[in-house]
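The values are calculated or read from the model by the stated rules, or taken from the named source; none is laboratory data. Computed from a prediction, not measured in an experiment: that's the story for all the values here. Here the Cβ is made from the backbone with ideal geometry for all residues, glycine too, and neighbour counts use every protein chain on show. Side chains included, ligands, DNA and RNA excluded: accessible areas come from the protein's heavy atoms. Shrake-Rupley method; radii C 1.70, N 1.55, O 1.52, S 1.80 Å.
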Amino acid sequence: MEIKVMKNIMHANDRLAEENRNYFKSKGIKAVNIMASPGSGKTSTIMKLIEAFDDRASVAVVEGDIASSIDAEKIDKLGNPVVQINTGGGCHLDANMIKSAAESLQLKDGTILFIENVGNIVCPSSFDLGEGIKMVIASVPEGHDKPYKYTSMFELADIVVLNKTDLMPYIDFDKDSFYKGVKALNENAKIIEVSCKTGEGINELADWMLNVQVSHNPSV
């Protein structure tokens, strides 16, 4: 019985995700599902990208958290449209939440929509939101073994951002092992190293985001 219920949940989510995908495609919206563990720098990366885009892109943000609106308030101060979703204990966002958020935001054609998923590198990988780009952020302090431990997240990523590279000299981080782990799971994933503190790599990431072509095909 539990298996049947789970199948029904996933079927309903996938149906709504397809509706979201068609909506984003019709308006030329790049929807970016940002997945990472807590403290990896999701919000900081979004804020740095908004700054790097300057006037080259219209940006809106969906902030997903178990509780609080701290991150949404940071985005709001930048003057970008933002919607906060509190899951009340849920470990991921789902397609229905994104559908409601997108309707609330009244997105302009061509918008880049950053969806900051709940801080978790297990559950979010299982739920299609209708996004066109899956971004996984890993940070140097988390260690180089994340691709080996959380395979499903990295298998699906269109881009992997290695954040907090300014800490590399102070932490035992094997960059070669990290790259090898990612490429073994997903040889097509783009990897960009950034530091939100120093600004390293942010312009490269911004340029990639502006120029990447979105297939709008589900990868889950």
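Are any of the residues in region 93-101 β-branched (Val, Ile, Thr) and either within 21 Å of His11 (Cβ to Cβ) or modelled with pLDDT of 95 or more (or both)?
Scanning region 93-101, I find at least one residue that is β-branched (Val, Ile, Thr) and either within 21 Å of His11 (Cβ to Cβ) or modelled with pLDDT of 95 or more (or both), so the answer is yes.
What residue, among those in region 168-187 that are over 16 Å from Glu142 (Cβ atoms) and over 20 Å from the mean Cα position of the chain (by Cα), is least open to solvent (accessible area, probe 1.4 Å)?
Applying the filter and picking the extreme gives Ala184.
Is at least one residue of region 57-70 open to solvent by 80 Å² or more (accessible area, probe 1.4 Å) and of a type outside the set (Val, Ile, Thr)?
no
Within 29 Å of Pro81 (Cβ to Cβ), free of Cβ contacts under 8 Å to residues at least 60 places away in the same chain and touching a Leu at 6+ places or on another chain (Cβ under 8 Å): which single residue out of Ile192, Ile202 fits that description?
Ile192
If you go through region 116-123 one residue at a time, do you hit one that is open to solvent by 20 Å² or more (accessible area, probe 1.4 Å), of a type in the set (Val, Ile, Thr) and more than 27 Å from Glu204 (Cβ to Cβ)?
Yes, some residue in region 116-123 is open to solvent by 20 Å² or more (accessible area, probe 1.4 Å), of a type in the set (Val, Ile, Thr) and more than 27 Å from Glu204 (Cβ to Cβ).
So which of Asn20, Asn33, Asn80, Asn86 is polar (S, T, N, Q), touching a strand residue (DSSP E or B) at 6+ places or on another chain (Cβ under 9 Å), closer than 26 Å to Lys108 by Cα and open to solvent by 40 Å² or more (accessible area, probe 1.4 Å)?
Going through Asn20, Asn33, Asn80, Asn86 in turn, just one is polar (S, T, N, Q), touching a strand residue (DSSP E or B) at 6+ places or on another chain (Cβ under 9 Å), closer than 26 Å to Lys108 by Cα and open to solvent by 40 Å² or more (accessible area, probe 1.4 Å): Asn86.
Identify all residues within region 74-102 that are among the β-branched types (Val, Ile, Thr) and in contact (Cβ under 8 Å) with a residue 40 or more places away in the chain; write none if there are none.
Matches in region 74-102: Ile98 only.
Keeping to region 103-140, report how many residues are touching a residue at least 60 places away in the same chain (Cβ under 8 Å), of a type outside the set (D, E, K, R) and not in a strand (DSSP E or B).
Of the residues in region 103-140, 14 are touching a residue at least 60 places away in the same chain (Cβ under 8 Å), of a type outside the set (D, E, K, R) and not in a strand (DSSP E or B).
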